[in-house]
Amino acid sequence: MALLEVVGLTKDFGGVRAIDHLDMHVDVGEIVSVIGPNGAGKTTLFNLITGMIPPDEGDIRFEGRSIVGLRPSQILSLGIARTFQNVRLFPEMTVRENVMVARHARTRAGVVSALLRTPRFRREEAETRRRAEEALAFFGPRLVGYRFDQTAVSLSYANRRRLEIARAMASDPKLLLLDEPTAGMNPRETQELTELIGKMRDEKGLTILFIEHDMRVVKGVAERVIVLDYGRKIAEGTYDEVAHNEQVIEAYLGRRATA
Amino acid sequence: MAQLARVGARRAVQLPLLDGFVWLVRVAALLAVVWGSYRSLTSGRLTPGQWRDLVVIGLSQGAVYALIALGYTMVYGVLRFINFAHGEVFMTGTMAAFFVADALSRTGLWTDQVWIPLLAMLGVAVLTSTLVAVLLERVAYRPLRGKPRLIPFITAIGASFFLQYAFAGLFGVDVKNFPPVALFEGKLDFFGFRFLKTQLLVIGSALLMMGFLYAFVEKTKTGKAIRAVAEDQEIARLMGIDVDRTIALVFAIGGAMAGAAGFLWSQHFGQVSFRTGFLPGIKAFTAAVLGGIGNIPGAMIGGVVLGLVESVSPSLILIGLGIPAAHQLKDVVAFLALVLVLIFRPMGILGERLAEERA
Amino acid sequence: MAETVRAVPREVPLGAAPPAFAARDITLRQVVRNGVLAGLGVSFVTAVGMVQAFERRFIVSQLSLDYILVVAFPLALGYLAGRPPPVLEGFEAPRLGAKNVLAGLLAGALAGLVLMAFVGIFGNFDVRDVFTNVSPEALARITFGEGLFEGSLAMLAVQAAFGALGGALNLVPERPRRAAFLAAVWVVAFGLFSPLVRQVLDNLGFPFLRYMYRSVSGALTRTGAVAVFVLFFVLSLVAKGSRLQAGERFRALPESQRRVVGGLAILAVLGLLAVLPHILGNFLSEILNFAGIFLLMALGLNIVVGLAGLLDLGYVAFFAVGAYTTAVLTWDRPEGLAGTLPGSIRWGPELTFWEALPFVILAAALAGIIVGTPVLRMRGDYLAIVTLGFGEITRLLFLSTWFKPYFGGALGVQRIANIEVFGVEILSPQNFFYFIFGFGVLAVYASYALQNSRIGRAWTAIREDESVAEAMGVNVVAAKLWAFIIGAIIASFGGAIFAVKVGSVFPRSFSIEVSIIVLVIVIVGGLASVPGVILSAIVLTATPELLQELAEYRFLIYGVLLIFMMLKRPEGFIPSRRRLRELREEELAQDAWLRAARAQREREELAEPVPGS
């Protein structure tokens, strides 16, 4: 069953067509990778799905209903969470608080109950805290313990990426969008994260759509690969299928030759 | 939920509550304008001549706003930064012009060769404002380039108050009256519109200066450099443009225009004090937003529109709505204009340059 | 500082011995620049009349505030002139010595020369028509009354001497230097606030008062000054480390004990507050009350600006709404006259303060929504100017003839009823103190409670990155509106108290300047830091009340403070606890990172190369 369906999606940026009548889908429990040369429209696709920019044409359906026109926060509460290509954390907040923010859509406490510190408020606060720490514990010992109270800016680059993923996971998504999750990581860290992506699906039951440049990651974990070029889908299939597709090779190599 | 989302929805259907509120304001504003104008015009309280006078007042007032607005708009166009202290840059020029006028009014020149003192006033006003603007950029803003937007903005608020009260401390807190210029006394008629000579001077010189500025920015090499820096600082730097110098130049031009506005102000209103810059500064910013900030012709149109709105609408709309002593509320009208413009057409009349910048 | 650590180039092999490049040393340019700046600074404070205004404020013995100000410039800038530039790791720090002192001396002398030129020009040409404050008396003052030439030579010597002293400070190790600086500041503070200190010490029965202060001028005696200096020098040497340690130890305690200790600390503070107005006496309590009203507003604005990052420049509007709502609802309408006199206010239900309070809250919340809604989608700087516009609109409407039948126009609303608490009318400054600080405690509590809650995290997230906050599920619209509403309500409490305390309200009390004062308090206090805001509210608002000669230069100083804060310390003088911790932790984390990176490199050299890399 399709969890996410994209139909005829189109987006222009002042004459430049970033996404061009794109059709695609992601089924429940799948791990799908979106690849393509720079400027192929991959991040734009994520921005469109999460409602950060409105599409010009086409429809995006999540669990069968259209989510076009919803605010990003509404889309998140339906169950789509994302990370960003250029890690965007809340730098002055602590590691734990960063993740706790993502529970906003799943909690209800308002101003009055915060002021009165009602029992319900305390319970919810403790629960939020627990869930945040749980999400952080997914990455082993890296983000726990004394790290909880460190500010996000003080983390190393790889840990910032992990924190961002933990933040997205804490919002109880059904679909997780990862934008180049291994960019800037060394081979060992990349390998580890590749395994974790599999684990997210197997243990947490998440469906994952990710953008990646590192073909070893794509090969290692993606069950299906969608190749974008100039905002169009030029190929789709398993890694081996697309890796031998003429058009894909041309998109990558042809571009490289002229560059 | 499902009916919210249409295939191909261009605009995000967001915040129904907020949108409802905005629509309410929109309708109320429109009703107020139409009903008020209708009542005023049918009541015949003002003669056509009086209406025309109001228009002339608005035009000349708007010309001064437009000149000051150029400084906001150019700096914004290049740095995406609101120079809150720009009103004070205008005030320093006006103040400098006063001291020249005060000194020269006691000499024979003032009566015999009044052009010389006037040119001296203009020159000194332009020079002072330019200098202050460039110094401000160098001392307060340049070290903060690239910092989060609010940090230089708060600095600019500090600079605004510093300049106001430094001038109060240096030159006294009293309101200073310019000596009258005999040459500019009297009126002229054009097509049934009565202009004071000073009003003509203000409108004419403002038009002239803005024409020059527009030509400068569009046609010259330096102008091209400014536009390049506005487009993308990094690429401009790679192209061999001295970005720091270009930005300083932008502040200098804005300062010069403010200085010129100061001179015209002195002939139009005849008064200056350390507070003179604050309100015109904010209104000029309003004018810049009204016309589309970052847009030079926009500043001009925005200035004129704001001047007209301010002078005409209390009599036209507010009195029609039965509000007593409506002229007291002309500043309210100006600020409301800002709020309404930002709600309904945030890109301004002519459109903001780089509109996608506003997140 | 952290910068020196951060500047480590990644390429430098971490294991290798650092190459001993000599770092940059002080330059002539640096000396000239600071010297000229000092000279211009002194000339400027003379020209705006500060020197003359401060000449009767004696600080220590015969030394008055103007001379302290005049020598502070060469001292500070002499220090900067003689300060070596920051040293990058791997470079050898330049040796300190006579040249640093010499640089300070030169800068000071240069300052003296600039001042000499200033005196020369203004002494020989009469420009009082233009520069109203450059009087012969002012010039005589900065030339020690010794004649323009001889006097300015003497001043040059003084400036050079203090410049040299400033330069020499670079030779003193950081800790004693800092302690000495703080101690000197305390001496000036003790001299400046002598009426306050003397009153407090007197009420406390302090025995050595007459040795410490001179009875007529109120200045510290030399003995007093030395005593204060030594006391604070020692204190700051000892206390700096232990204060941080105390904080650490407190956080290390188990939850239950921490609650007890925290509770005790709060009780101690409340106890101190309870006796404070009696120690201070009427006059000083009155000033403190004034500061307390600003404190309330600052706490409210701290939520809007500090937590949510919404720069509201029209904050005074909410203060005005609170004051006018209270005034209109509680004013004492003269029997039989109401509505009959021309120009008088028509309406007045004559509620008590407590009956009016719910309406005040309601009106404030409504005002918050009215101001907040249109600006929700606006970017920070636009928001600032539009809120400023709303502030002015509010004031102008209260002033207008249109609303005169309700708000009294320029005449305002008078005869506002007093407050009764448990049958006691609050009239005396001491009672008002309790009343205001009751509200203050509430506002502090609200600040902390909201900061550590769902909504508080949402505010901070919006401040840090609005679009990511939205993408992470934060309802940005609702959170921003709540920030405006809460801020508005807290400010309206300030307004309500203000109205009752003064007994009347006039539109001119609600000018843009009030918004700016509150903004300066919040920024100087350190955005989002509640203790910082409390301290800066009291210092920044009480000082101009206590020292009338400073009041004239209030906004000049505020302007400089804002610029200085943004250029040098955007985190505020008293950063929030987290940021303080972070400043220390960043260094630790960086060290750990360096060590880990080195270990990693070593491991990778040993391990087989990873395929494909």
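Values in this text are rule-based calculations from the coordinates and carry no lab data. Bear in mind that the values here come from a model prediction, so they are computed numbers and not experimental data. Methodologically, a virtual Cβ is constructed for each residue, glycine included, from the backbone with ideal geometry; neighbour enumeration extends over all protein chains shown.
Restricting the count to DSSP beta bridges whose residues both fall in the protein assembly as shown, what percent are antiparallel, rounded to a multiple of 5?
Values: 35 of 54 bridges.
Counting only bridges with both partners in the protein assembly as shown, antiparallel ones make up about 65 percent.
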Scale the Cα Rg of the range A:90-201 by the rule-of-thumb value 2.2 N^0.38 Å and send over the ratio, two decimals. 1.13
Part-to-part distance (alpha-carbon centres) for the range B:196-255 and the range C:56-128, which is given in Å: 39 Å
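Around B:ARG275, what is the net charge, scoring Lys/Arg as +1 and Asp/Glu as -1 over all other residues with Cβ under 14 Å from its Cβ?
Result for the neighbourhood of B:ARG275: -2.
Treat every Asp and Glu Cβ in chain C as -1 and every Lys and Arg Cβ as +1, leave all other atoms uncharged, and give the resulting dipole magnitude about the Cα centre to the nearest 20 debye.
Values: 50 positive and 44 negative charges, 167 e Å.
For chain C, the charge dipole is close to 800 debye.
What is the dipole size for the protein assembly as shown, taken about its Cα centre, with +1 at each Lys and Arg Cβ and -1 at each Asp and Glu Cβ, in debye to the nearest 20?
Values: 117 positive and 100 negative charges, 224 e Å.
Around 1080 debye, computed over the protein assembly as shown.
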Partners for B:LYS330 among lysines (Cα-Cα distance below 20 Å; same-chain residues under 8 apart left out): B:LYS283, C:LYS404
Counting only DSSP beta bridges with both partners in chain C, the antiparallel fraction in percent, to the nearest 5, comes to 75 percent
Using alpha carbons only: equivalent-ellipsoid semi-axes of chain B, gyration tensor based, whole Å: 34, 31, 18
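As a footprinting exposure proxy, order C:ASP381, A:ASP172 by other Cβ within 10 Å, with the fewest listed first. Working shown, then result.
Values: C:ASP381 21, A:ASP172 18.
Arranged by neighbour count, lowest to highest, C:ASP381, A:ASP172 become A:ASP172, C:ASP381.
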To make sure I understand, if each residue's beta carbon is the centre and we count other beta carbons within 10 Å, what order do A:ILE35, C:ILE490 fall in, fewest to most? A:ILE35, C:ILE490
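Which whole-number percentage describes the relative contact order of chain A, with Cα contacts under 8 Å and a sequence gap of 6 or more? Before the final figure, lay out each step's value.
Details: 465 pairs, mean separation 69.5, N = 259.
Answer for chain A is 27 percent.
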Tell me, what is the FRET efficiency for C:ARG333 and B:TRP35 to the nearest 0.05, using R0 = 41 angstrom and their Cβ-Cβ distance as r? 0.75
Could you estimate the translational diffusion coefficient of the range C:370-495 from the Stokes-Einstein equation, with Rh from the Kirkwood formula over C-alpha pairs, at 37 °C and 0.692 mPa s, in whole µm²/s? 185 µm²/s
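For chain C, go through all pairs of different Cα atoms, get the mean of 1/r, take its inverse, and jot down that Kirkwood value in Å.
Values: mean 1/r = 0.0358 Å⁻¹.
Roughly 28.0 Å, rounded to one decimal.
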Spacing of the two label points (7 Å from each Cα toward its C-beta) at B:THR47 and A:GLN247, in nm: 7.9 nm
How far apart, in nm, are two points set 7 Å out from the Cα along the Cα-to-Cβ line at C:THR352 and at C:LEU427? 1.7 nm
Under-5 Å amide H pairs with A:ARG232, H placed in peptide plane, nonlocal only: A:ASP20
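Exposure proxy check: C:GLU248, A:GLU180, A:GLU127, C:GLU255 ranked by fewest other beta carbons within 10 Å?
Numbers: C:GLU248 10, A:GLU180 21, A:GLU127 13, C:GLU255 6.
The fewest-first ordering by Cβ neighbours comes to C:GLU255, C:GLU248, A:GLU127, A:GLU180.
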Would you calculate a helix-derived [θ] at 222 nm for the protein assembly as shown, using -39,500 (n - 2.57) for each DSSP H run of n ≥ 4 and dividing by the full residue count, to the nearest 500? -20500 deg cm²/dmol
Take the protein assembly as shown, compute every pairwise Cα distance, and split them into 10 Å bins from 0; I just need the percent in each bin. 2, 8, 15, 20, 21, 17, 11, 5, 1, 0
Nearest-0.05 FRET efficiency for C:SER61 and C:GLU174 at R0 = 30 Å, using Cβ-Cβ distance, is 0.50
Below 10 angstrom from the Cβ of A:ARG17, what's the summed charge of the other residues (Lys, Arg +1; Asp, Glu -1)? -1
Dipole size in debye (nearest 20) for chain A around its Cα centre, Lys and Arg Cβ +1, Asp and Glu Cβ -1? 1240 debye
What is the angle, in °, between the Cα long axis of helix A:119-137 and the longest principal axis of the Cα atoms in chain A? Nearest 10 is fine, range 0 to 90. 40 degrees
Determine the principal axes of the Cα atoms in the range B:52-162, then give the extent along each, sorted from largest to smallest and rounded to whole angstroms. 54, 38, 22
How big is the Rg/Rh ratio for the range C:208-293, C-alpha atoms only, Rh by Kirkwood, two decimals? 1.11
Of the candidates A:LEU45, A:MET93, A:PHE121, the farthest towards the positive dipole end of the range A:1-149 (Lys/Arg Cβ +1, Asp/Glu Cβ -1, centred on the Cα centre) is A:PHE121
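Can you classify the range B:105-235 as rounded, prolate or oblate using the Cα gyration tensor, where a ≥ b ≥ c are the square roots of its eigenvalues, rounded means a/c under 1.5, and otherwise it's prolate if a/b beats b/c and oblate if not?
Values: a/c = 2.41, a/b = 1.45, b/c = 1.66.
Since a/c reaches 1.5 but b/c is at least a/b, the shape of the range B:105-235 is classed as oblate.
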Of C:GLY49, C:PHE73, C:LEU139, farthest towards positive along the dipole that unit charges on Lys, Arg, Asp, Glu beta carbons give the range C:40-151: C:PHE73
For B:ALA182 and B:ARG149 in the same chain, what is the full-extension length gain: residue separation times 0.36 nm, less their Cα-Cα distance, in nm? 7.1 nm
Provide the FRET efficiency to the nearest 0.05 for the B:ALA215-B:ILE116 pair, computing r from the beta carbons and using R0 = 41 Å. 0.90
Positive-pole candidate from A:ALA183, A:PHE210, A:ALA135, dipole of the range A:109-259, charges at beta carbon: A:ALA135
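If a/c stays under 1.5 just call it rounded; otherwise compare a/b with b/c (prolate if a/b is bigger, oblate if not). Do that for the range B:104-143, with a ≥ b ≥ c from the square roots of the Cα gyration tensor eigenvalues. Display every interim value, and only then the final one.
Details: a/c = 8.78, a/b = 4.53, b/c = 1.94.
Prolate, since a/c reaches 1.5 and a/b exceeds b/c.
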With the cut-off at 1.5 for a/c, could you classify the range C:263-419 from its C-alpha gyration tensor as rounded, prolate or oblate? oblate
Using every alpha carbon pair in the range C:193-337, what percent of pairs falls into each 5 Å bin from 0 up to the bin containing the largest distance? 2, 7, 8, 10, 11, 15, 15, 12, 9, 6, 3, 1, 1, 0
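For the range A:127-244, what relative contact order do you get, as a whole percent, if you take Cα pairs closer than 8 Å and at least 6 residues apart?
Numbers: 111 pairs, mean separation 21.1, N = 118.
Relative CO of the range A:127-244 lands at 18 percent.
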